[in-house]
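Structure, as structure tokens:
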Amino acid sequence: MRIELNLATRPTVNRRRFYVLAGSGVVLLLVLAVVQAASLARSWSSGRGFGDRTAQLRAGIDTLETEQGALEQDLQQPQARDVIDRSYFLNSLILQKSVSWTQIFMDLEKLMPDRVLVTSIRPEMIENNQMRLDMAIQGESVPQVLEFLRRIEKSDKFGSPVVSTETPPARGEKEASVKVSLSVLYVQK
């Protein structure tokens, strides 16, 4: 049997476990520092490339804005203004000629309830193949006119009816009728 006896006034302490754990921690921190430094270098170099690309794009934008200003000045000349006005006028005539009245009336006929009449239609082109129809309709009673409005709302070619005026039947007339002015969107297919 062996007995260890330490007669020193300060016995030695085994610190090996502490040194191993501390050393491992330092090595881990060094590895993390190297990874962070590599990540920082990579992001810095890519950010520098983005900055260069941004500067090139801004220079291109400045060039295009200068060209745009020159073209707008050319368009402000009286001769160019006349050509632009004439082209707008001709384009509006072409759009008006492209309206198929037959198709509009066929589509309206499918939606009209009995005893409701369209008294006027005025088309106005809005976008690509879409137009706004300002219409005046006349019906014998309010429920008939409301039925027409319900049918327009459910239609796939008409939409968004907006009633601008409504004239109730006048008292004492032989043929009492409700008159409504409305705007509705129409998609010509």
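Each reported figure results from applying straightforward, stated rules to the coordinates on display, with no laboratory input. Here the structure is a predicted model, which is why all the values come from computation and not from measurement. All Cβ positions, glycine included, derive from the backbone under ideal geometry; neighbour counts span all protein chains shown.
Taking the alpha carbon gyration tensor of segment 14-76, multiplying each eigenvalue by 5 and rooting it gives semi-axes of 60, 7, 4 Å, largest first. With the simple model of a label 7 Å out from the Cα in the direction of the Cβ, THR54 to ALA80 spans 3.4 nm.
Pairs of C-alpha atoms in the chain farther apart than 22 Å represent 73 percent of all such pairs. Multiplying the residue separation of MET106 and VAL26 by 0.36 nm and subtracting their alpha-carbon distance yields 20.2 nm. For segment 31-114, the spread of Cα positions along the three principal axes, ordered from largest to smallest, is 86, 49, 14 Å.
Extension gain for the segment THR12 to PHE89, taken as residue separation times 0.36 nm less the Cα-Cα distance, is 17.2 nm to one decimal. Calculated mean residue ellipticity at 222 nm for the chain: -19500 deg cm²/dmol, from DSSP H runs with n ≥ 4 weighted as -39500 (n - 2.57), summed, divided by the residue count and rounded to 500.
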